[in-house]
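We did not get these values from a lab; they are worked out from the coordinates using the rules stated. Treat the numbers as computed from the prediction; the structure is a model and nothing was measured. Don't worry about glycine lacking a Cβ; one is built from the backbone with ideal geometry, like all the others, and counts go over all protein chains shown.
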Amino acid sequence: MSEVVDLTAAQALGRIEAGELSADECFGAYAQAAADDTLNAYLWTAEPGDGSRAAGPDGPLAGLPIAVKDIFCTKGTVTTAGSKILEGYEPPYTATAVAKLEAAGARLLGKTNMDEFAMGSSNENSAYGDVLNPLDHSRVPGGSSGGSAAAVAGGLAPWALGTDTGGSIRQPAALCGIVGLKPTYGAVSRYGMIAFASSLDQCGPLTRDVTDAAVLIRALEGRDSRDSTSVGIDGGVELPSRKDLSGLRFGVARDFSHHAEGVEEGVARAFEATLATVERLGGKLAEVDLPNAHHGLSAYYVIAPAEASANLARFDGVRYGLRVAGDADLGQMYERTRAAGFGAEVKRRIMLGTYALSSGYYDAYYGQAQKVRTKIAQDFAAAFEACDFLVTPTSPTVAFERGARTQDPLAMYLSDYFTVPMSLAGIPAISVPCGLGSPAGGGPELPVGFQIAAPAFAETRLLDAAYALEQAIGFGRPAS
Amino acid sequence: MIDREQVLHVARLARLELTDDEVERMAGELSGILEHVDLIADLDLEGVQPTAHVVALENVLRADEPEPSLARSDALATAPDPSDGAFRVPSPRA
């Protein structure tokens, strides 16, 4: 059975189509692996026999199992968003993203652990315990889609769904040595995806290679009448096939990189080596300016908490989830429920966001941040006049040790330095493994992610370039 | 910088009960984060349009026709205290 869990999803599909592997056998192998999870990647897993009870292996995804971040509502299956306030909650409906994959033939394998309400970069903010990095159990898998990344990298799922608000797909993909795609804002419906920061949230695939990411985004994208921000990708997404990068220009924003704090030498070295590979494949490097991108984090840590403070107001002990009754009135019930149900990071962000939106501060914080956001989007638009793609390291560091940043929220936030500007501009970006680098404190080398960003709705071109690079780098699934 | 009184004021707005320890810690942590955020406070952005939506979208409308929606019993199934087809809560002024 161990051979089945080594296949990419597209390889497994090929075997199922050729009659060499049955969908039930494939599901059973993964359900067994997920049941034996030692990474705490899953909060809920299907029984090995559940696959055959599902709608059936019709459709292009042919009965393949998929792991889904626990932020997606799944009818009748517990959905917690990593929070105690939703412990045991069984939603009465299913998120569109999950429903579309099921309609295409995929079967729900499990719900993956995550930072509470997607707030975190290490998966240490889950109410249900830390997720371990499959490559080194003393290190974090990244976050907030840490369970999804660990499951895919650790052979506990062929592929997974995650969400990305400021880097929550790309950063864990980088730290676990897999592929993660944040699609264009509006490419995929968010209906049934528990909201964190609505002007930024987007869902996307975490996979073992670029082809799998393309297969999943093809099935996910599209307009949904239940999410009025969804528009889909005009013309859909083509499967990647490009062999070289000739004629393509890759923008490198040196100034943006120089403002980054704590970029590890191993990361910088792997990034430069990948730039050389880009050139070897016929790609041209172009120096571009993103003069406002280094303000991205400051803007993000106003906008995201502000929107979160409004979105999380719905968790009040009235309609679903935890209720802690006060001895006094309704107000006390609200306050005690939220005090007992939310973890430290969520409380911190609710406080930060409420402060930023409070009377007298709105213009100075939220208004100013949304203006910075406009400037950053303009930077990208100008840069894309001179290049087809922008490239950066995905994360300033490789996977860091558990506990290393939990006492310093700001240090944790710096993990998102390279990924936040793309989220603010709403453009698609993919992280692909580009080599290994030593952690700053010493120790065995760990995966480094290479981030490629493209103009809005250019997913097909983005995946094509990532695919060509992948073939040249030759990354497979890291040994675990 | 954020002091204790401000933390308590914001916590009231956010409907969040904080312990004394949390109030203390929050004051320090929020101040640290806001110091970083304040890096954008002094940027001259006069005349820059704040972003309202990152992707150009016209109004999204649909025909005003009833569609199936969640059954009341399903909506109430996960409620902490359903009562007579409604959500029961403690009195606003006990």
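Given points 7 Å out from each Cα along the Cα-Cβ axis, report the A:Ala381 to B:Arg88 separation in nanometres with one decimal.
Here the answer is 5.6 nm between the modelled labels.
Quick one: which residues, 5 or more positions from A:Arg249 or on another chain, have an amide H under 5 Å from its amide H? H modelled 1.01 Å from N in the peptide plane, none for Pro or chain starts.
Sorted by chain and number, the residues that satisfy this are A:Lys284, A:Asp388, A:Phe389.
Taking the alpha-carbon distance from A:Lys75 and a cut-off under 24 Å, which lysines remain once sequence neighbours fewer than 8 residues away in the same chain are dropped?
Qualifying lysines at Cα under 24 Å: A:Lys84, A:Lys100, A:Lys111.
Would you mind computing, in nm to one decimal, how far apart the modelled labels at B:Ala71 and A:His258 are, each placed 7 Å from Cα along Cα→Cβ?
6.5
FRET efficiency for A:Gln407 and A:Glu445, Cβ-Cβ distance as r, R0 = 25 Å, nearest 0.05?
The value I calculate is 0.40.
List the trypsin sites (Lys or Arg not before Pro) within segment A:69-178 that fall in a DSSP loop (any state other than H, G, I, E or B) and whose Cβ has at most 16 other Cβ atoms within 10 Å.
Loop-located and lightly packed - A:Lys75.
Charges only on Cβ, +1 for Lys and Arg, -1 for Asp and Glu: so what's the dipole of the protein assembly as shown about the Cα centre, in debye to the nearest 20?
560
What spacing in nm lies between the two simple spin-label points modelled at A:Glu17 and A:Glu90, each 7 Å away from Cα in the Cβ direction?
The modelled label-to-label distance comes out at 3.8 nm.
I want to verify the translational diffusion coefficient of segment A:299-363 in µm²/s; compute it with Stokes-Einstein, Rh as the Kirkwood radius over Cα pairs, at 4 °C and 1.567 mPa s.
Once the numbers are plugged in, D ends up at 104 µm²/s.
Of all GluC sites (Glu not before Pro) in chain B, which ones are in loop regions per DSSP and have a Cβ with at most 15 other Cβ atoms within 10 Å?
Taking chain B and a limit of 15 other Cβ atoms within 10 Å, the loop GluC sites (Glu not before Pro) found are B:Glu46, B:Glu58.
Only sites in a loop by DSSP and with at most 15 other Cβ atoms within 10 Å count here; which GluC sites (Glu not before Pro) in segment A:237-291 make the cut?
For GluC sites (Glu not before Pro) across segment A:237-291 that sit outside H, G, I, E and B with at most 15 neighbouring Cβ atoms in 10 Å, the list reads A:Glu238, A:Glu261.
Could you tell me how many cubic angstrom of Cα convex hull volume the protein assembly as shown has per residue?
154
Just need the relative contact order of chain A here, percent rounded to a whole number, with Cα pairs under 8 Å and 6+ apart.
Across chain A, relative contact order equals 18 percent.
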